[in-house]
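Notes follow once the structure below has been shown.
Read the figures in this text as sums done on the coordinates, not as results from a lab. Everything numeric here is computed off the predicted structure, so don't read it as measured data. Because the Cβ atoms are built from the backbone with ideal geometry, glycine has one as well, and the counts that use them run over all protein chains shown.
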Amino acid sequence: MSWLKLARKANDYAEAKAQQAFNEHADPKVQVEQAITALQQHQQELEEAASHVLAQEKMAKMRLSELSAKEAKLTANAQAAMSSGHQDAARTFALQLSATREQIQALTGQIPQLEAAANDARTAVQEGADLLQQKLNERNTILAQIDQAHMQQEMAASLKQVSDLTSSGDVPSFDEIKNKVQGQFAQAQAATELHANDPAVLEMQAHHDQLNSEADAILAQLSAGSLKPAALEAPAAASKTATT
């Protein structure tokens with residue numbers, strides 16, 4: 001698996017970890033900040049790893065440059081020794097040149113791999129930076145949505161409280177009392193109508209009418225000044241009855 005695939009897999013893991021951190025805490029605003037912090041931390045770790053890969057590439061190329069310079073110097077020394085007839089010195093330079101050329105060949109085979117890893121590292125860092133910037137841009141929108149959701153929840157709770165108070169069965173509403181009184185009044189009217197022809201009711205009504213008639217007569221006598229005490233009228237009424 002290439003370094004880029006590993007880095008992308010790490011990116012996916014970091015984003016999943018940030019999402020997990022987002023869901024583990026109650027306060028959504030805290031969740032947002034924790035998710036951003038997790039992504040920032042991962043981006044920092046990614047940049048540090050990429051820096052190590054890039055440093056290896058640069059060190060390999062620097063080493064190759066040094067070995068190339070050493071190869072050229074050893075070659076020149078070996079030629080000079082051979083030209084001057086110093087075969088032992090020339091052989092010593094030749095042995096050193098052989099070892100140097102072997103190192104150059106090994107390093108030359110490694111450098112393309114290091115260059116590919118460095119390019120992957122640069123790409124991974126850029127993708128991570130783009131993802132982080134995207135999340136940072138989304139943060140303000142998410143925080144605004146959290147505030148709106150909180151406001152709507154408070155409004156819904158207030159409306160529910162009003163609804164609960166309105167529909168509470170502890171105290172009857174005005175309309176409920178009105179309907180109850182109208183029902184009682186209708187029942188009373190119906191009962192009166194049903195018993196209107198009852199003898200006891202008729203006798204009570206006649207007695208009531210008689211009292212009203214006597215009250216009218218008393219008022220007329222008071223007006224004319226002829227009202228006498230009831231005690232004086234009672235014997236006269238009794239003697240009249242006896243004579244009859």
| Roughly speaking, what is the stretch gain from M155 to Q40, that is 0.36 nm per residue apart minus the C-alpha to C-alpha distance, in nm to one decimal? | 37.8 nm
| request: Mind giving me the FRET efficiency for L211 and Q184? R0 is 25 Å, r the Cβ-Cβ distance, nearest 0.05 is fine. | output: 0.35
| request: Could I get the Rg over Rh figure for the range 36-95? Both from C-alpha atoms, Rh via Kirkwood, rounded to two places. | output: 1.52
| Considering only the other residues whose Cβ falls under 10 Å of the Cβ of A50, what net charge follows from Lys and Arg at +1 and Asp and Glu at -1? | -3
| query | What does the highest-first list of 212-218, 42-48 look like by mean Cβ count within 10 Å? | reply | 42-48, 212-218
| How large is log10 I(q)/I(0) at q = 0.13 Å⁻¹ when the Debye formula is applied to the Cα atoms of the range 68-126, each weighted equally and without solvent? | -0.48
